[in-house]
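**Q** Structure below; questions to follow.
Since every read-out is calculated from the coordinates, none of them should be taken as a lab result. What you are looking at is a predicted structure, and each value in this text was computed from that prediction instead of being measured. Cβ atoms come from the backbone with ideal geometry, glycine included; neighbour counts cover every protein chain shown.
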Amino acid sequence: MDVVLNILVMFGLFSVGLSFLVLLPVVGKILVAVFSTVLVERAVSRWRGVKSGTVMGAHVVPEPVVDGDVHEPPSVRVYVSVYLSLLVLTVVTVGVSELGLLMREAVFWAVVVASLKAGLVIAWFMHLKGGPPMNRLVLSTSVFFMVIFFTLTMADLSTRTMGGDEEGQWATIDEARDAGDVPSGWSTPTAP
Amino acid sequence: MSDTSTSAQRPAWVASFFESATQQRSAANLGMWLFIGQEILFFSGLFMAYIAYRWLYPDTWLSGADALNKTMGTANTVVLLTSSLTMVLAIRELQVDRIRASIRYIVATVVLGVVFLGVKSVEYAHKFEEGILPGLHYSGESVEGMAGLFFGIYFALTGLHALHVIIGLGLLVWLARRIHLGLVTSENDSLAENIGLYWHLVDLVWIFLFPMLYLVR
Amino acid sequence: MFEADFWLPESVNALAAGSDDLFVFILWVTVVSLVLVMGAMLWFVFRYRSGKAANRLNPPTHHLGLEVTWTVIPTIILFIVFFWGTRDYVRMSVPPASALEIRVTGQKWFWTFDYPEAGVRVQATQALDEQRALEGSPVGLVVPVGVPVKLVGSSVDVIHSMFIPAFRVKKDVLPNRYTTATFLATEEGEFDLFCAEYCGTKHSGMITKVTVVSEEDFEVFIDELKEVSEGPVDGATVFAQGGCAGCHGVTRDAPPGVGPSLHGLYGREERLTTGEFVLVDENYLRESIVNPMAKIVEGYGPVMPAYVGRLSEEEMTALMLYLKGLGAEDGAAL
Amino acid sequence: MSSLDSRSPEPSYLGASRGIRSWLFTVDHKRIGVMYLVATTIFMMFGGILAGVLRMELFTAAGDLVDPDAYNRMFTLHGSIMVFLVIIPAAPAVIGNFVLPLMLGARDVAFPRLNLASFHIYLAGAALLLLAMILGSFDTGWTFYTPYSTSTSGPVAWALTGVFILGFSSILTGLNFIVTIHKMRAPGMSWFRMPLLLWALYATSAVQLLATPVLAITVLLLVLERTIGVGIFDPALGGDPILFQHFFWFYSHPAVYIMILPAFGIVSEMVAVHAQRPIFGYKGIALSSLSIAIVGSLVWGHHMFTSGQSIYASVLFSFLTFFVAIPTAIKVFSWVATLYRGDIQITPPMMYVFTFLALFMIGGLTGVVLGALSLDVHLHDTYFVVAHFHYVMMGGAIIAYIGGLHHWWPKIFGRMYPKRLASITSVLVFVSFNMTFFPMFLVGSRGMPRRYYEYIATFESLNQIATVGALLLGTSLFLTLGYLIWGALYGPAASRNPWNGLSLEWRTESPPIEHNFHGQPTVSGGPYDYPVGPEIPSGDGIGVSA
């Protein structure tokens, strides 16, 4: 096991950890931006040839300061166009899966399309856009924690075999079975 | 300060401990979003398991996705997306005081939810016939490697999602009744908004669940 | 009080040499900050207690210098502790290339040590350890002094953890993969080895010794083991080395243990947890060893580990013979 | 607010209605708080008695008092009860429920029926845990590590379902508090005019809301594993037991902050009120609560340094761990600095502040030892860890909670307990606490693993000191319980504001009326704006500029 390499990797991980803390506010802002789908909204506005911020409905409601007591429901047209975009994106994601991409690319595109769809649902169907800003904070915080959960857990799983030693190697069931060491204490699974 | 100054305009549905209808509505809205936040974390556990084991057993996941019925998955996606549309339309109709239309849209949402569950149970039934059961009970032949694990996650994820759909259906029926009785109105629509938010959450989970389980190979 | 000896057992692992210094450093940090903070607290209480005349004019609510100081100083100390601890940790966890490899297997509730190069195996149940101690032979895990050792651990049932305080070594052994721990013993002697991850009824009995011997003695030890393993297989030895005695009594008046007493078992009818009855014959015995969960005798839990693949056919035959003979003289009367 | 000076004829919340149903189905946050108080106290006594038996068993090196399975079940129950039924609900659900709306100047929490529901859910979860105990009890340890928890016999699934349900109670309480703090603040109460307890409860609630769902899904998967064999953590199917530990600690490490953050808030209140001066570094304390909540959620892997986790992940987690220590240190220094130039009242709550500071510092600093990778390898899963978390959880969270009870007792029940006896008892608690848990540091660092039913003879004398200490500690806690109950029933009537506090709860009656305040209170200054001139106000005056 190359200690120097290890230490280099460790410092790589430190900087990841450090940037987590330093970038906390920035990450938060990015998440808010993504989930308020500012970009999507702008694109739709441009496409429909209207001023940005007016896609929400025929009657433009100034964003309520604290809470939406002023009730001006968005127009049916907006809802239907969001719905149609969702259907198009569904077709896209199914289509992409038929292309036979490499696994990494397939995962990437699936997640991107799913996030777009989720953004549409959240922004318009769930009225995050134009709703109280606190809702964005709540959503981005929970997404942030979810990302933390995924990243730090994967920081363990993905570096286990980096030592190149037996450490972290999977004594898989098949291997164990060959060696006659089936982990026991459980009923043996039905052999496939 | 006292309550008397506001009590003249104070509707009966505003609880005594709230200052105003606005305060009550915004509290309900924030509460629901917090609930959605915790639901995201709840499902993140299963997605975490999915990611971790996908990393450890990529081959199993390849053949696992092949074993699932993509057509039914896509159909269910369309059904759920449509039900989300009928849901927002139901709330919109309620807000412009078209009660009958609103209830009709809720009924449509419920029907779509039932269709979703129907497709899901057909899918489950096929799996069971092929001996595809979660974990220990897996006895199918189509999937290589840690098939029990893959289907453990598949059934746990889709099962919990279906449970959320069932709860949502119950809530929708209850909502329709309350709208019918005039207990939920265009003014006092927090309940409708929140059940709507819940229904969209169920949709959101499926939006991620569908490509991850059915599509990505 | 401020020496490492007071707090920690003597360290005999060359790879962990000096790692105790960090403990002493933090101990001093702790004492100094406790004295400072508690001292300040008590002084303020004495100085400003109610009813005592004191200057209480404009008590400060902010003091930038002070606040920066008490943020920066702990930060610096914590960084020192982090780098120090990580440096020692890396040194302690990386096995030297020339390390002697020993496979450690945890099982409810005993340890098995395999020496792959020599092809020999030692099992360390409490009973076997006592027996070895009486015979004057080395107990438990035997390692040579001055040679780096790499323990490659795994478990056959639940998570256990090999913990050798004198070596500052601790590593969980897992049922699905290998974990490693490493040390270089600097002194001969006997040191405790504990199971540190809770594993059930006899968790606290899953302890043995690490015996560090000279290199010559180590060779003698290995050679003796080789001789024994090449000799004829004896059922009683298999029984003892398999750890069976940890749970099963073999005498007539043995108290009921974790598992049923095996005295006079052969030929008996036993009631199972399912309510069915089973005749104890060779097939049942074999099944219960290989796959104990299949048929469990009423009144006992599903706790016995499976021995599938852990016994050679020869050992199994010898064990069967031994089990059949247990209490045979009065078993016939039944 | 001159009308407040005359006692109103309105009955207090205690006497507003009668009968058991008026309690069990009340939506009044104060009554719900009192019911939580009763429930957690009963469970704490139960958990404490279990601890007593465990200590008696460990009095001698040989296992002779109970059999090993009984011992294993008892420490499991002790841990599960203390964590899930006592410490997690104690401060937020008892003190939080009672005090939070009062401090905000609100008439109730935002969702009173939800609040009652979370109490009922809590009772249901507790009932399931106790049912599991009656059905033969479970021996998994409160950590439920797989594959032990999936393969051992016993009603583990019942206990897990209980934990699942308790999680919901915790989530709903957190949700309720966040909405209440956002939406129900009295006119004039800006974020930085909130008492520090509210900041702490806010941070706590955020953690409850974000971390508890992961516990819920984890135990749900375990239940599915035990009932239908879903296989997600089963090594025989390729499942990874360490993944379970990630799941578990993603909740259970932040859970430590669910326990300790309200304690920080309680201490902040008590130290300012009983030193009769503005708190030092208000913003530092307030914001450090939030940063502890965030950073504390990034460090769970430090429970897994020896578990077979990748060493790179261990290094990362160790690094992040030290960042939690910094805001914590800032808080401790600020509390001590608050004593400077104060008018320090040596009252029972203040005695508990001193106790808390001493014990929590020891607990916190030994945490630094455990955060260092090289030392944790040796100390992990030994009695050193047991001592460390008892210093933090009991010496920190429970001591602050007991102190908080002393602080708000006259508000809750309108009667005062015997103060001198209370002060003396707090010293007894301090001494016997150290006698119990300090020897555990030593046996731990010398190598005694935790969860041991019998141990090698070398450790006997230190264990005997700990056992004697534990019995003394139990006695002093029972004494505390005794005089508190006596005080609530027969003590002298307490004034509206016995400690001269400035936050809103002291402006209403003791005990408060059912709707908390006569009219809507308003706020025009900070919660600790004591006059800072040479004159010290005395007596029962409210002394607030409002």
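**Q** To check you understand DSSP bridge types, tell me what percent of the beta bridges within the protein assembly as shown (both residues inside) are antiparallel, rounded to 5.
**A** The answer is about 75 percent antiparallel.
**Q** What percent does the relative contact order of chain C come to when contacts are Cα pairs within less than 8 Å and at least six residues apart?
**A** 14
**Q** Here's another thing I want to ask about it. Hey, what's the Cα Rg ratio for the stretch D:94-164 versus the globular rule of thumb, 2.2 N^0.38 Å?
**A** Scaled against compact globular proteins, the figure is 1.54.
**Q** Still on this structure, please answer the following. Could you work out the per residue convex hull volume over the alpha carbons of the stretch C:4-93, in cubic angstrom?
**A** Cα convex hull per residue, to the nearest whole number: 112 Å³.
**Q** Would you calculate the separation in nanometres between label points at C:Phe6 and C:Asp21, each defined as 7 Å from the Cα along the Cα-to-beta-carbon direction?
**A** 2.1
**Q** Something else about it: Treat each spin label as a single point 7 Å out from the Cα along the C-beta direction, and report the D:Leu65 to D:Ile465 distance in nm.
**A** 1.9
**Q** Starting at the first residue of the stretch B:192-202, write each ³J(HN,Hα) from the Karplus equation 6.51 cos²θ - 1.76 cosθ + 1.60 with θ = phi - 60°, in whole Hz, x for Gly and Pro.
**A** 4, 4, 5, 5, x, 4, 4, 5, 5, 4, 4
**Q** Normalised by the empirical 2.2 N^0.38 Å for globular proteins, what value does the Cα Rg of chain C take?
**A** Dividing the Cα radius of gyration by 2.2 N^0.38 Å gives 1.40.
**Q** Around C:Phe6, what is the net charge, scoring Lys/Arg as +1 and Asp/Glu as -1 over all other residues with Cβ under 15 Å from its Cβ?
**A** So the environment of C:Phe6 carries a net charge of -4.
**Q** Can you sort B:His126, C:His248, D:His29 from fewest to most other Cβ atoms within 10 Å of each residue's own Cβ?
**A** With the fewest neighbours first, B:His126, C:His248, D:His29 line up as B:His126, C:His248, D:His29.
**Q** From the alpha carbon gyration tensor of the stretch C:235-331, can you work out the equivalent ellipsoid semi-axes (sqrt of 5 times each eigenvalue) and give them in Å, largest to smallest?
**A** Sorted largest first and rounded, they come to 18, 16, 13 Å.
**Q** For chain D, what does the helix formula give at 222 nm: sum of -39500 (n - 2.57) over DSSP H segments with n ≥ 4, over the residue count, nearest 500 deg cm²/dmol?
**A** That comes out to -21000 deg cm²/dmol.
**Q** Over all directions, the average projected area of the alpha-carbon convex hull for the protein assembly as shown comes to how many nm²?
**A** 50.5
**Q** How charged is the neighbourhood of C:Tyr198? Take every other residue with its Cβ under 15 Å from the Cβ of C:Tyr198, and add Lys/Arg as +1 and Asp/Glu as -1.
**A** Net charge in that neighbourhood comes out at -1.
**Q** Would you mind ranking B:Ile99, C:Ile164 by Cβ crowding within 10 Å, fewest neighbours first?
**A** B:Ile99, C:Ile164
**Q** Just need the relative contact order of chain B here, percent rounded to a whole number, with Cα pairs under 8 Å and 6+ apart.
**A** Relative contact order of chain B: 29 percent.
**Q** Another question about this same structure. Treating the Cα atoms of chain B as identical point scatterers in vacuum, please give the log10 of the normalised Debye intensity I(q)/I(0) at q = 0.08, 0.12, 0.16 Å⁻¹, two decimals.
**A** Values, matching the q order: -0.37, -0.71, -1.04.
**Q** I've got another one for you. May I have the extent of the alpha carbons of the stretch D:171-258 along their three principal axes, as whole Å values ordered from largest to smallest?
**A** Sorted from largest, the Cα extents of the stretch D:171-258 read 61, 20, 12 Å.
**Q** Just the ratio, please: alpha-carbon radius of gyration of the stretch D:191-340 over 2.2 N^0.38 Å, N its number of residues.
**A** Cα Rg divided by the expected 2.2 N^0.38 Å: 1.27.
**Q** Next up: Classify the stretch B:1-127 as rounded, prolate or oblate, taking a ≥ b ≥ c as the square roots of the eigenvalues of its Cα gyration tensor: rounded when a/c is under 1.5, otherwise prolate if a/b is larger than b/c and oblate if not.
**A** It is oblate, given that a/c is not under 1.5 and a/b is not larger than b/c.
**Q** Let me know the volume per residue of the alpha-carbon convex hull for the stretch C:100-230, in Å³.
**A** Dividing the Cα hull volume of the stretch C:100-230 by its residues yields 97 Å³.
**Q** Here's another thing I want to ask about it. How large is the convex hull of the Cα atoms of the stretch D:447-536 per residue, expressed in Å³ as a whole number?
**A** 273
**Q** Shifting gears a bit: What is the P(r) of chain D, as percent of Cα-Cα pairs per 10 Å bin from 0?
**A** Reading the bins upward from 0: 4, 18, 30, 28, 14, 6, 1, 0.
**Q** Here is the link list: C:Lys202/C:Lys324; C:Lys170/C:Lys324; D:Lys30/D:Lys283; D:Lys283/D:Lys411. Which ones come out longer than 32 Å on Cα distance?
**A** Listed pairs above 32 Å: C:Lys170/C:Lys324.
**Q** Compute the relative contact order of chain D as a whole-number percentage, counting only Cα pairs closer than 8 Å that sit 6 or more residues apart in sequence.
**A** 19
**Q** Can I ask one more? Sort D:Ile232, D:Ile330, D:Ile42 by Cβ crowding within 10 Å, fewest neighbours at the top.
**A** Taking fewest neighbouring Cβ atoms as first place, the list is D:Ile42, D:Ile330, D:Ile232.
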